[in-house]
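Working notes, structure below.
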Amino acid sequence: LARYGYPGLGEPRYDLEAARESAGKAKTLEERWEEKLPEKAGIARPQKQDSFGPGSEMDPGGFRYERVLSTGKRGLQVLPLDAAALAHSRVADLRIAGKDGRQVPYLVEKPDEPLSIDLRPPERTAAPRSAAGDPGRGAASRSYYRLRLPCANLPAARLVLSTSARVFRRDLSVRIEKDADGDSREPWTRSVASAYWSHSDPDTPAPALTLRLGSLDTADLMLVVEEGDNSPIPIESARLLLPAVRLRFFGGGANGLKLYYGRDDLEAPNYDLAILGPHLVGAKAEEARLGPEMTRAPSGPGQATP
């Protein structure tokens, strides 16, 4: 019996991980999902706003960003946040408001399944000038790739790389390149993640490599692969796994809702809706969508970001 849908539960750590390499060679059987078990009877799941009032009035001034929400038919809505909202908000400063300026209460949901974003394939590039001072064999034994994240200032994430190579062992690092500082006329790079990647079975694909990234103030990364005396291994694809965040609220129809964020002086809101949290999390809901991110003047209308 597989159980899921437990917001906030951490990633498991099992001793089975130590057998990952040998497990790939073992004979396996394919399992299939049965139908979902019915929900327990007697649990009422409200589908309309009938147990609490609207939120208080809100002054949109001071928020740096706004997004128009596209919602379905009236009822419970679920809104997945995208990379821009995660990068430019603290989650605590998120606010939903209608045309009347009143807040729309919401619940924050943090599912276990991450937000997966396919990045552009890594682009091979020449060695940076700062590579001349790196220890070891130098730039001749390394491959350099440019990686572009969706935004700067994203929360801590995981970078997943895949290759079509079958037999190899490589050291990799992710670096950020800085401009020259006051003590040097040359730019330099700083490593923000590193890992050892190897595979020894020519009959099976190599497992993907996962590197953990902290929150970075740049969207431009450099991937450095230590090739040794070997030909470069092909880096086929790159994915970014971000902590997923969804908002649940009641709305829908042509109600002109907007999402506001980008304030450093707000704490998380305290809505009566939280009392119904156990009944609403996991309930069937219409999926709302975010419009383009708009930057806001201090006391003026929003303007589209490039």
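The values are calculated or read from the model by the stated rules, or taken from the named source; none is laboratory data. Predicted, not measured: the structure shown is a model, and the values here were computed from it. Cβ placement follows ideal geometry from the backbone for every residue including glycine, while neighbour counts extend to all protein chains displayed. Just the protein is used for accessible areas: all its heavy atoms, side chains included, with ligands, DNA and RNA removed. Shrake-Rupley method; radii C 1.70, N 1.55, O 1.52, S 1.80 Å.
Taking a point 7 Å from the Cα of Asp59 along the Cα-to-Cβ direction, the residues of the stretch 253-271 with backbone N closer than 14 Å to it are 265-266. The distance between label points at Asn255 and Asp15 comes to 5.2 nm (points 7 Å beyond Cα on the Cα→Cβ vector).
Put Val224, Val167 in order of accessible area, highest first, and with a 1.4 Å probe you get Val167, Val224. Evaluated on the stretch 57-162, the Kirkwood hydrodynamic radius is 18.1 Å, with distances taken between all distinct Cα atoms.
Accessible surface ranking for Glu30, Glu226, Glu236, 1.4 angstrom probe, highest first: Glu30, Glu236, Glu226.
Return the FRET efficiency for the residue pair Ser191, Arg90: r is the Cβ-Cβ distance, R0 is 22 Å, and the value is rounded to the nearest 0.05. Approximately 0.20, to the nearest 0.05. Its relative contact order, with pairs defined as Cα atoms under 8 Å and 6+ residues apart, puts the stretch 150-294 at 31 percent. Residue ranges 115-124, 255-264 sort as 255-264, 115-124 when ordered by packing (mean number of other C-beta atoms within 10 Å per residue, highest first).
On the stretch 200-306, 50 percent of the accessible area sits on carbon and sulfur atoms, based on a 1.4 Å probe. Among the protein heavy atoms, those of Ser194 account for about 90 Å² of accessible surface (1.4 Å probe, every chain in place).
A simple spin-label model places pseudo-atoms 7 Å from Cα toward Cβ; at Ile117 and Glu287 they are separated by 1.8 nm. With only the Cα atoms considered, the stretch 207-300 has a convex hull volume of 239 Å³ per residue.
Converting the Cα gyration tensor eigenvalues of the stretch 143-285 into ellipsoid dimensions via √(5λ) gives semi-axes, longest first, of 40, 24, 12 Å.
The largest-to-smallest principal axis extents of the Cα set in the stretch 187-227 are 41, 21, 14 Å.
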